[in-house]
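The structure appears right after this line, and notes come after that.
The values are calculated or read from the model by the stated rules, or taken from the named source; none is laboratory data. Remember, it's a predicted structure, so these values are computed and weren't measured experimentally. Here the Cβ positions follow ideal geometry from the backbone for every residue, glycine too, while neighbour counts run over all protein chains shown. Heads up: the accessible areas ignore ligands, DNA and RNA and are worked out on the full protein's heavy atoms, side chains in. Shrake-Rupley method; radii C 1.70, N 1.55, O 1.52, S 1.80 Å.
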Amino acid sequence: MTTRTDPALAPIVKTLSVKANPERAFDVFARQMGDWWPVHRMAVSPGAKGAPPRAVTVEPFAGGRIYETAPDGEEFDWGVIAVFEPGRRLEFSWYPGLPPEKATRVGVRFEAEGQGCRVTLVHDGWEGRPGGREARPDYVTGWDYVFGQCYGGYLEPA
């Protein structure tokens, strides 16, 4: 029997210290995701002649969608916002390119730290996702790039 203590299903935890206050760090993560998300590498829509998606959108409220807009205007859901607390935390289901029943969960917390902010991302729910054990390793390195390099680099690390 598999439990949460199984390392192959453990939550992925990534932490950054950035030169932004919690409100700005939250705003960039949630409201400006389309500016820092690496759509050239991490997108699910089939590109029209290799073109990247037109946009990545986070609807700023609980129940809002996170979605990608393809070059032809078609929308592809990535997740649904469960908690939207500006400057504090954001939680959402996560299933880019998959049906919603394969969703995992992502939570992001923003905490003041000196002149900046500590941002912690926790991606869990692998035990409830069909194929979670196989998918999780790609997300470990994927979040290093997307969260660490792209988001963190956009905000300027502390």
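With a 1.4 Å probe and all protein chains left in place, how much accessible area per residue does region 1-135 have, in Å²?
51
What relative contact order, as a whole-number percentage, does the chain give when Cα pairs under 8 Å and 6 or more residues apart are counted?
Relative CO of the chain lands at 30 percent.
Can you tell me the FRET efficiency between Glu85 and Tyr145 if r is taken as the Cβ-Cβ distance and R0 is 25 Å, rounded to the nearest 0.05?
0.45
Residue by residue through region 101-109, which ³J(HN,Hα) values in whole Hz follow from phi under the Karplus form 6.51 cos²θ - 1.76 cosθ + 1.60 (θ = phi - 60°), with glycine and proline marked x?
5, 9, 5, 10, 10, 10, x, 10, 10
At 7 Å along the Cα-to-beta-carbon direction for both Tyr154 and Ala8, put a label point, then send me their distance in nm to one decimal.
3.4
Give me the mean projected area, in nm² to one decimal, of the convex hull enclosing the Cα positions of region 49-140.
Approximately 7.6 nm², given one-decimal rounding.
With springs only between Cα atoms under 10 Å apart, run a GNM on the chain and tell me which of Gly97, Gly131, Gly107 wobbles the most.
Gly131
Across all directions of projection, what mean area in square nanometres is found for the Cα convex hull of region 35-79?
Directional mean of the projected Cα hull area for region 35-79 stands at 3.1 nm².
State, to one decimal in nm, how far the label point of Arg41 lies from the label point of Lys19, with both points 7 Å from Cα in the Cβ direction.
So the label points at Arg41 and Lys19 sit 2.3 nm apart.
Work out the length of the dipole vector of region 1-89 about its Cα centre, built from +1 on the beta-carbon of each Lys and Arg and -1 on the beta-carbon of each Asp and Glu, and round it to the nearest 20 debye.
Result for region 1-89 is approximately 380 debye, rounded to the nearest 20.
Calculate the radius of gyration of the Cα atoms of the chain to one decimal place, then report Dmax, the largest Cα-Cα distance, as a whole number, both in Å.
Over the chain's Cα set, Rg and Dmax evaluate to 15.5, 46 Å.
Leaving out ligands, DNA and RNA, and with a 1.4 Å probe, what % of the accessible surface on the chain is carbon or sulfur?
With neighbouring chains kept in place, the figure for the chain is 51 percent.
Residue-wise, which Karplus ³J(HN,Hα) couplings in Hz belong to region 118-125, taking 6.51 cos²θ - 1.76 cosθ + 1.60, θ = phi - 60°, and x for glycine or proline?
My calculation for region 118-125 gives 9, 10, 10, 10, 10, 10, 9, x Hz in order.
5 Å is the cut-off here: which amide hydrogens, built 1.01 Å from N in the peptide plane, fall below it relative to Ala55, excluding neighbours closer than 5 in sequence?
Long-range HN contacts for Ala55: Thr69.
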